[in-house]
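What follows is a set of notes on a single structure, which appears directly below.
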Amino acid sequence: MSGPLELTVELTPRSRFDVIDVRGRAAALHGDALDAYPRCLYYSFHTTAGYLDQSLASRLGRSQASVEPYVEVFRQIFPEGAPYEHDQLDRRDELTSAQRAVEPRNADSHLAFIAAGLRTCVQYRNRPGDPVCFVDLDGVYQNRPRRRLTTIVGFTEEQEVARVRLQVPVSSHPVDSINLKDPRLGVYEQLVELVARHGVTSGRIRLDLASGERHAGLTVNEYETLLMRHDLAHVLRNPLRFAAEKGRHMWADPRAIPAKTLDYAKYDMVRTFNKVFDALGLRESAVERVLARAIALPAARFLRMKRSVSLLVSDRDTTGRGAIIDGTYQSPILVQWHRAARQARQIDVVVSRFV
């Protein structure tokens with residue numbers, strides 16, 4: 001074993017919602033190449049497919065049969081075909097006519113990804129033989145499986161090489177989302193410069209909300225205006241909005257959801273939760289208590305929005321020259337659901353090297 005090992009695995013989803021054992025797939029392709037490494041980093045290049053934290057996956061039992069019902073709760077809350085603004089393709093100015101013809105209507109998958117706490121980048125203790133589940137929420141479009149790629153990096157240790165604190169300006173709006181790739185902020189450019197300055201060729205960048213930051217979270221997803229500034233904003237104000245609209249056909253005026261309709265949606269969620277917990281034997285578990293409380297709480301407590309995200313660093317494109325490796329539509333995004341003090345939030349950046 002001489003330094004980190006990086007493998008890229010192609011996956012073929014069998015249905016729109018699919019859970020694939022990536023560790024098993026890697027073993028089938030590469031044998032025991034990863035077994036000698038105590039840790040593995042898994043990176044998904046997509047915005048509607050990724051991984052659960054190892055701690056949550058372990059509580060769920062790690063298998064496909066136990067992960068699927070957990071994610072299904074969030075698919076019920078964000079049903080396919082609800083009136084999402086992201087899916088109104090005629091309003092998507094960034095798309096050409098040709099792109100509109102093939103662009104999937106998948107706002108539900110983006111929102112379920114964020115709400116369920118899925119990540120594009122996770123680090124697992126390597127346990128050969130244990131499954132690592134790749135959760136795909138939008139794997140088939142027009143009866144054709146989409147091409148999915150994931151990278152696995154096996155490594156022995158992670159060494160911190162740099163730590164800085166960045167200040168990110170935010171608006172005065174209580175609900176807002178900020179694209180940290182926006183060149184006007186200069187945040188992403190500073191991350192690129194840190195990687196180059198410290199000569200990291202295999203590692204990661206971790207972005208953490210500073211300890212004093214409240215009412216905010218981080219995710220990696222597609223920063224599309226209708227999705228982030230409208231659909232996600234609606235969810236932050238009312239987590240069950242789209243479940244209520246789709247389930248009770250409130251298409252005429254989606255801004256006016258009667259309280260009774262919302263109560264129906266909550267009732268439907270209770271029934272969904274109970275089915276999941278009965279199937280998994282989790283009736284008295286902490287997971288049940290967390291999800292059950294979510295029904296009555298605002299989005300600040302409902303969403304499993306993370307306080308940190310990670311980005312992959314690799315020299316896969318140019319040997320000896322590390323770079324941030326990400327998917328075409330991926331951006332680190334800061335989301336807030338309450339006004340920030342002094343219209344700015346602080347993020348701690350940690351750059352580390354794999355050995």
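The values are calculated or read from the model by the stated rules, or taken from the named source; none is laboratory data. Just so you know, these numbers come straight off a predicted model, no measurement behind them. Cβ: placed from backbone, ideal geometry, glycine included. Neighbour counts: every protein chain shown.
Would you confirm, using the coordinates I've provided, whether Ser55 is of a type in the set (Gly, Ala, Ser), under 22 Å from Thr150 (Cβ atoms) and touching a residue at least 60 places away in the same chain (Cβ under 8 Å)?
Values: of a type in the set (Gly, Ala, Ser): yes; under 22 Å from Thr150 (Cβ atoms): yes; touching a residue at least 60 places away in the same chain (Cβ under 8 Å): no.
Criteria not met by Ser55.
Hey, Asp93 hits all of (1) surrounded by fewer than 22 Cβ atoms within 10 Å (Cβ to Cβ); (2) touching a strand residue (DSSP E or B) at 6+ places or on another chain (Cβ under 7 Å); (3) not β-branched (Val, Ile, Thr) but one; which does it fall short on?
All conditions are met except number (2).
How many residues does the range 214-244 hold that are closer than 23 Å to Arg119 by Cβ and in a loop (DSSP other than H, G, I, E, B)?
Summing the residues that are closer than 23 Å to Arg119 by Cβ and in a loop (DSSP other than H, G, I, E, B) in the range 214-244 gives 6.
Just checking, does the range 66-89 include any residue being at pLDDT 95 or above, of a type in the set (A, V, I, L, M), surrounded by 14 or more Cβ atoms within 10 Å (Cβ to Cβ) and at negative phi?
yes
Would you point out the residue of the range 295-332, among those that are at pLDDT 95 or above and among the hydrophobic types (A, V, I, L, M, F, W, C), that is nearest to Ser55 (Cα to Cα)?
Across the range 295-332, the extreme among qualifying residues is Val309.
Among the residues that make up the range 82-102, is at least one of them in contact with a helix residue (DSSP H, G or I) (Cβ under 6 Å, 6 or more places away or on another chain), polar (S, T, N, Q) and under 29 Å from Ala244 (Cβ atoms)?
no
Give the range 48-83 a look and list any residue that's more than 21 Å from Ala107 (Cβ to Cβ) and of a type in the set (Lys, Arg), or say none.
Matches in the range 48-83: Arg59, Arg62.
So Ala162 passes all but one of these: (1) surrounded by fewer than 22 Cβ atoms within 10 Å (Cβ to Cβ); (2) among the hydrophobic types (A, V, I, L, M, F, W, C); (3) assigned to a helix (DSSP H, G or I); (4) touching a residue at least 12 places away in the same chain (Cβ under 8 Å). Which condition number does it fail?
Result: Ala162 fails condition (3) only.
Which number in (1) surrounded by 19 or more Cβ atoms within 10 Å (Cβ to Cβ); (2) at positive phi marks the one condition that Gly31 misses?
(1)
Take the residues in the range 311-355 that are of a type in the set (Lys, Arg) and assigned to a strand (DSSP E or B), then tell me which one is nearest to Val164 (Cα to Cα). Don't jump to the end; show me each part of the working.
So in the range 311-355, the residues of a type in the set (Lys, Arg) come out as 316, 321, 339, 342, 345, 353.
Filter again for assigned to a strand (DSSP E or B), leaving 345, 353.
Details: Arg345: 14, Arg353: 16 Å.
Out of the qualifying residues, it is Arg345.
Looking at the structure I just gave you, is Asp35 among the acidic types (Asp, Glu), farther than 22 Å from Asn221 by Cβ and out of contact with any strand residue (DSSP E or B) (no Cβ under 6 Å at 6 or more places or on another chain)?
Numbers: among the acidic types (Asp, Glu): yes; farther than 22 Å from Asn221 by Cβ: yes; out of contact with any strand residue (DSSP E or B) (no Cβ under 6 Å at 6 or more places or on another chain): yes.
In short, yes.
Out of (1) at pLDDT 90 or above; (2) part of a loop (DSSP other than H, G, I, E, B); (3) in contact with a Lys or Arg (Cβ under 9 Å, 6 or more places away or on another chain), the odd one out for Ser109 is which?
(2)
Could you look through the range 190-230, keep only residues that are acidic (Asp, Glu) and within 22 Å of the chain's Cα centre (by Cα), and pick out the one that is farthest from Val349 (Cα to Cα)?
Within the range 190-230, the subset acidic (Asp, Glu) is 193, 208, 213, 222, 224.
In the following step, the residues that additionally are within 22 Å of the chain's Cα centre (by Cα) were identified as 208, 213, 222, 224.
Details: Asp208: 6, Glu213: 14, Glu222: 21, Glu224: 24 Å.
Looking at the filtered set, the residue picked out is Glu224.
Suppose we keep only residues that are over 14 Å from Ile20 (Cβ atoms) and charged (D, E, K, R) within the range 108-145. Which one would you say is surrounded by the fewest Cβ atoms within 10 Å (Cβ to Cβ)?
Ranking the qualifying residues of the range 108-145, first place goes to Arg144.
Would you say Val175 is within 23 Å of Ala112 (Cα to Cα), crowded, with 19+ Cβ neighbours inside 10 Å and β-branched (Val, Ile, Thr)? Give the steps one after another, and end with the answer.
Numbers: within 23 Å of Ala112 (Cα to Cα): yes; crowded, with 19+ Cβ neighbours inside 10 Å: yes; β-branched (Val, Ile, Thr): yes.
The answer is yes for Val175.
Output the residues belonging to the range 129-161 that are of a type in the set (D, E, K, R) and under 15 Å from Leu7 (Cα atoms). Lay out the reasoning, then the answer.
The initial filter retains those residues of the range 129-161 that are of a type in the set (D, E, K, R), namely 130, 136, 138, 144, 146-148, 157-158, 160.
The answer is Arg148, and nothing else.
Please count how many residues of the range 1-26 are under 25 Å from Gly81 (Cα atoms) and of a type in the set (S, T, N, Q). Before the answer, list the steps.
Filtering the range 1-26 down to residues under 25 Å from Gly81 (Cα atoms) leaves 12-20.
Those still in the list that are of a type in the set (S, T, N, Q) too: 12, 15.
Counting residues in the range 1-26 that are under 25 Å from Gly81 (Cα atoms) and of a type in the set (S, T, N, Q) gives 2.
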